[in-house]
Every structure is written in C-alpha cells, then in structure tokens.
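Written out below as structure tokens is the structure these notes cover.
The values are calculated or read from the model by the stated rules, or taken from the named source; none is laboratory data. These numbers come from a predicted model, not from an experiment. We place every Cβ from the backbone using ideal geometry, glycine too, and count neighbours over all the protein chains shown.
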Amino acid sequence: MRERQASRNARRAREFEAFVAGAAGRLLHAATLLTAEPPDDNPRARRLLTASLAHTYAVWDRLHGEDPYDRTRQYLAVRFARGAWHQYGGLGRPYPRGRPDSALRHLTPQERLILVLRMYEGVAEEQAAALLGLPTERVRAICARAMATLLHPPRQAAPPVAKVVPS
Amino acid sequence: MSPVNRREADVRRILEEPQPPVPPDLYTEAVRRGGRMLRRRTFARRLMWLVLLAATVALVVWLSVAQPWVEPPSETTPPLTGW
C-alpha cells in the first residue's frame with residue numbers, strides 16, 4: 001500500500017515536472033498578458049500561474065486522459081476572472097492606469113481575458129463562452145472590440161467605437 | 001489575405017512579442033502547494049469516513065440498547081391506589 005503510494009507520487013512528480021518544463025513559458029506569457037504587467041516584473045501573473053499549476057498537480061491523478069495544459073488554462077482563466085471581479089470591482093473596469101507597461105493596458109480585464117483566450121491560446125468561441133458563462137455573440141463582440149482597441153489605442157480620451165466584425 | 005485575417009495576424013503578433021522569463025522556483029512552489037492541497041484532501045476524506053463509521057457504530061449501539069421498535073408499556077392509565 002505504502003509502496004504503491006510512493007511509486008504513484010514519484011510518477012506524478014516526474015510527469016508534472018515534464019509538463020511544467022514544457023508549458024510554463026507559454027502559460028506565464030498568457031498570465032502576464034492577462035494581468036497587463038510588464039514581462040520582467042509580473043508578480044501577479046506568477047502568483048496566478050503558481051496557483052493554477054498547484055491545482056493541476058493536485059488533480060493530476062484524476063485527469064483521466066484530459067489535457068493538463070487545457071485544465072491549467074481553464075483554471076487560470078476562471079481564477080483571473082474571479083480575482084478581477086473581487087479586486088477591481090468587476091470585469092468591466094480597466095486595470096489601474098499608469099503602472100502597467102503592456103500593450104494591453106487600455107483593455108479591461110474581461111477584454112484581455114477573451115482576447116488572450118481567443119487570439120493567443122486559440123480557444124474556440126464556443127468554448128470560451130462556455131468557460132466564462134457568456135453568450136457566444138457577446139464573446140465575439142468583446143473580442144472584436146478588444147482587437148479594435150489593441151490595433152488603434154486611444155490617445156487620451158475618446159474611446160474607439162466598438163465595431164462588431166464577424167471573425 | 002482578407003482584412004479580418006490581417007487584423008487577426010496583427011493582433012497575434014502584438015500578443016506574441018515579449019516573452020517573460022520563467023522563474024526557477026515555479027515548479028517547486030507549485031509542487032509544494034499542490035502537495036499540500038492533496039494532503040488536505042486526503043485528510044478530509046479520511047476524517048469524513050471516520051465520522052461516518054463512528055455515526056454508524058453509535059446508531060447500532062443505540063438501537064441495540066434502546067430497541068425503539070418494541071412497543072412501550074402503556075402509561076396512560078393512572079395506577080389505582082388508596083381504595
């Protein structure tokens with residue numbers, strides 16, 4: 001019994017180490033995009049990723065063939081959405097201005113989340129909508145607005161008109 | 001290339017640009033926290049089984065002592081005394 005437990009622990013640690021070595025860079029980049037922090041100073045993204053990876057480690061034996069990368073990404077997205085909700089009073093408010101030196105600083109947390117899921121991670125619209133509990137049309141509209149803001153950042157005032165582009 | 005595809009390619013290029021360095025202690029920290037979560041879950045599961053077992057034992061003991069299915073002796077008629 002104890003031997004079996006030990007061998008299972010060792011196998012889990014080995015597999016998890018290989019997974020982290022392969023996936024951590026991309027996941028950390030995604031997390032840094034979400035938090036709109038500069039790449040060399042991203043404590044919040046690191047905390048987010050560490051918590052997500054810890055969760056993946058805890059459910060590793062019960063994945064049953066599910067993709068651990070997918071699982072970690074889902075947990076990361078949901079945790080970020082919840083954190084943004086609690087810390088900044090909703091997904092609609094932009095990150096505190098001024099500090100982040102990121103290309104995504106003009107976007108709201110929700111716009112960043114959907115943009116990163118759709119464009120960086122390549123998650124399908126339906127899956128992103130299901131993950132966040134939003135209608136698919138809304139995800140499409142938010143993604144189009146986020147793309148418009150990203151490609152044509154506002155100068156100071158005058159937020160850009162949201163255009164709905166079928167993607 | 002259609003305008004929509006070009007816009008998407010532009011956005012992807014902007015998103016790909018800066019690659020943050022992975023902190024070296026990420027793996028150990030994740031394993032430490034994940035292991036703690038696992039141990040807590042194992043403990044909680046064991047505690048639940050223990051409580052369930054204790055409740056079952058207590059029920060069986062009480063049933064064998066009190067035997068609540070036996071009809072209690074009638075107590076409604078007052079005892080006839082003093083005549």
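Each residue in the range A:103-148 was checked for being of a type outside the set (A, V, I, L, M, F, W, C), crowded, with 19+ Cβ neighbours inside 10 Å and over 15 Å from the mean Cα position of the chain (by Cα), and 3 pass. Report, ordered by the first and then the second residue, all pairs with beta carbons closer than 9 Å, sequence separation of six or more or different chains, a first member in the range B:56-83 that is in a loop (DSSP other than H, G, I, E, B), and a second member that is surrounded by 10 or more Cβ atoms within 10 Å (Cβ to Cβ). Qualifying pairs under 9 Å: B:Pro68/B:Trp62; B:Trp69/B:Leu63. State yes or no: is A:Ala54 under 12 Å from the mean Cα position of the chain (by Cα) and either in a helix (DSSP H, G or I) or at the interface with chain B (Cβ under 7 Å from one of its Cβ atoms) (or both)? For A:Ala54, the condition - under 12 Å from the mean Cα position of the chain (by Cα) and either in a helix (DSSP H, G or I) or at the interface with chain B (Cβ under 7 Å from one of its Cβ atoms) (or both) - is not met. Taken together, A:Ala45, A:Ala30, A:Ala84 contain a single residue that is more than 12 Å from every other protein chain (Cβ to nearest Cβ), in contact (Cβ under 8 Å) with a residue 12 or more places away in the chain, over 15 Å from B:Met37 (Cβ atoms) and assigned to a helix (DSSP H, G or I), which is A:Ala84.
B:Leu52 fulfils the conditions (1) more than 14 Å from chain A (Cβ to nearest Cβ); (2) exposed (fewer than 10 other Cβ atoms within 10 Å of the Cβ) except for a single criterion, (2). Checked against the criterion of being out of contact with any Cys (no Cβ under 7 Å at 6 or more places or on another chain) and at pLDDT 90 or above, the range A:82-90 has no qualifying residue.
Give the residues of the range A:124-167 that are part of a loop (DSSP other than H, G, I, E, B) and at pLDDT 85 or above, sorted by residue number. Of everything in the range A:124-167, those that are part of a loop (DSSP other than H, G, I, E, B) and at pLDDT 85 or above turn out to be A:Ala124, A:Gly133, A:Leu134, A:Pro135.
Just to be sure, is B:Val60 of a type outside the set (S, T, N, Q), within 9 Å of chain A (Cβ to nearest Cβ) and surrounded by 10 or more Cβ atoms within 10 Å (Cβ to Cβ)? So that I can check it myself, show each step before the final result.
Details: of a type outside the set (S, T, N, Q): yes; within 9 Å of chain A (Cβ to nearest Cβ): no; surrounded by 10 or more Cβ atoms within 10 Å (Cβ to Cβ): yes.
When the stated conditions are applied, B:Val60 does not pass them.
Just a yes or no: is a residue in the range B:4-24 within 30 Å of A:Arg62 (Cβ to Cβ), within 41 Å of the chain's Cα centre (by Cα), in a helix (DSSP H, G or I) and charged (D, E, K, R)? Scanning the range B:4-24 turns up no residue that is within 30 Å of A:Arg62 (Cβ to Cβ), within 41 Å of the chain's Cα centre (by Cα), in a helix (DSSP H, G or I) and charged (D, E, K, R). What are the pairs with Cβ atoms under 6 angstrom where one residue, in the range B:12-38, is more than 7 Å from chain A (Cβ to nearest Cβ) and the other, located anywhere, is buried (at least 18 other Cβ atoms within 10 Å of the Cβ) and part of a loop (DSSP other than H, G, I, E, B)? Sequence gap at least six, or different chains. Taking only residues 6 or more apart or on different chains, not a single pair turns up. Among the numbered conditions (1) closer than 22 Å to A:Thr149 by Cα; (2) at pLDDT 95 or above, the only one that A:Ser52 does not meet is (1). In summary, A:Ala24 fulfils each of the numbered conditions (1) closer than 14 Å to B:Val31 by Cβ; (2) at pLDDT below 90 with the single exception of condition (2).
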